[in-house]
Amino acid sequence: MPSFEELTTKERPTWCPGCGDWGILTALKKALVEINADPTKTVVVAGIGCSGHLPQWINTFGFHSLHGRALPVAQAIKLANHELNVIAVGGDGDGYGIGMGHFIHAMRRNVNVKYIVHDNQIYGLTTGQASPTSEKGFKTKSTPHGLIEEPVNPVALALAADCSFVARGFAGDVPHLVKLITQAINHKGFALIDVLQPCVTFNYLNTFEYFYRRVYKLEETDYDISNKEAAFQKAFEWGEKIPIGVFYKKERKTYEDELPQISKEPLVRQKIDNIDISQLIEEFC
Ligand SMILES: Cc1ncc(C[n+]2csc(CCOP(=O)(O)OP(=O)(O)O)c2C)c(N)n1
Ligand code: SF4
């Protein structure tokens, strides 16, 4: 199946040199090679942001949607053809701000979609406003006196919404991120990977160095990924030490499993020419 080079587009990404987005793109391509993914059956869906450009630079199918709308589009694609490998990507502003409602409901629904969030704790594309994960007190263009609100906690929110695979990665550790993405794709159900992704142009606080000094891997401790209470505790560890790795994993039925309509074949392959919708159309006229 695909080689890394085959997944690489002729066009070069326009991200700033040194941006954490580069590491995420590399990790995603390496993970697709690792799992032997068929690029013609893989769709990468993005919202709007610097991160939202990612589908343009990977040789799979892609969809650049609207701000905060990567997940509705990704879920629709998966329900229309559940044989596709569907991966949604986007920023923290995209997914945890304007897209927050979709984020929570997609997780409790457990559609078999993977969601990689480029969490740089800032709005990158719009040049440096505070985002939902920006730290309290952070001075940005939109918060010149320091941010008043507490940040949202994506890992804790995912656990509360019964997300069946919850992980955090770091764009500065590509081999580790490849493992997380591979595990997420192999997991049957919705998977969140919140990726610490330094924005080297607008986030002067959460830098590569900041994370290199703090991150440690859960799998190198005696952590049990099936223990939800322990996962909640770990979700609130943020400061001198920041855990990365799989926080929680549970097997449960996917949304698609519960739909008898698609149990035999994907919706897109079902015949619809024998369905009479004239009465329905009349109702709406
Ligand atoms: C409905 C709507 N509101 C606002 C915008 C402007 N806008 C574009 S990207 C963005 C935020 C980008 O930040 P983030 O989602 O964190 O992604 P990043 O650029 O950091 O990767 C905003 C507010 C928009 N495109 N559409
Ligand atoms: S503005 Fe920030 S997030 Fe956007 S490409 Fe540059 S470094 Fe990356």
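The numbers here are math on the coordinates, done by the rules we state, and not lab data. Please read all numbers here as calculations on a predicted model, not as lab measurements. When we count neighbours, we look across all protein chains shown, and the Cβ atoms used for this are built from the backbone with ideal geometry, even at glycine.
For the chain, what is the percent of antiparallel DSSP beta bridges, rounded to the nearest 5? Kindly include the intermediate steps, with their values, before the conclusion.
Details: 6 of 35 bridges.
Around 15 percent antiparallel, to the nearest 5.
Assuming a ≥ b ≥ c are the square roots of the Cα gyration tensor eigenvalues, decide whether the stretch 12-127 counts as rounded (a/c under 1.5), prolate (otherwise, with a/b larger than b/c) or oblate.
Judged from the Cα gyration tensor, the stretch 12-127 comes out oblate (a/c at least 1.5, b/c at or above a/b).
Can you order the peptides 165-172, 200-207, 93-100, 251-258 by their average number of other Cβ atoms within 10 Å per residue, highest first?
On the way: 165-172: 26.1, 200-207: 17.9, 93-100: 24.5, 251-258: 14.5.
Peptide ranking by packing, descending: 165-172, 93-100, 200-207, 251-258.
What's the percent breakdown of Cα-Cα distances in the stretch 93-142 across 5 Å bins, shortest bin first?
Spelled out per bin, shortest first, that is 5, 20, 25, 20, 14, 10, 5, 1.
Kirkwood hydrodynamic radius, computed over distinct alpha-carbon pairs, for the stretch 169-279: how many Å, to one decimal?
17.3 Å
Return the whole-Å distance between the Cα centroid of the stretch 176-214 and the Cα centroid of the stretch 88-102.
The stretch 176-214 and the stretch 88-102 have Cα centres separated by 15 Å.
For the chain, what does the helix formula give at 222 nm: sum of -39500 (n - 2.57) over DSSP H segments with n ≥ 4, over the residue count, nearest 500 deg cm²/dmol?
It lands at -8000 deg cm²/dmol.
Pick from THR60, THR127, THR182: which residue has the top mean-square fluctuation in a GNM of the chain where Cα pairs under 10 Å get a spring?
THR127
If packing is taken as the mean number of other Cβ atoms within 10 Å per residue, what is the order of 119-126, 8-15, highest first?
119-126, 8-15
Across 5 Å bins from the origin, how do the percents of Cα pairs in the stretch 4-255 run, short distances first?
1, 7, 15, 20, 22, 18, 11, 5, 1, 0
Go ahead and set up a Gaussian network model of the chain, Cα springs under 10 Å, then flag whichever of LYS179, LYS188, LYS141 fluctuates most.
LYS141
In a Gaussian network model over the chain where Cα atoms closer than 10 Å are linked, find which of LYS271, LYS228, LYS30 has the largest mean-square fluctuation.
The residue that fluctuates most here is LYS271.
Students often forget the sequence filter, so: which aspartates and glutamates lie under 16 Å Cα-Cα from LYS228 once same-chain residues fewer than 8 apart are removed?
Correct list for LYS228: ASP162, GLU219, GLU237, GLU251.
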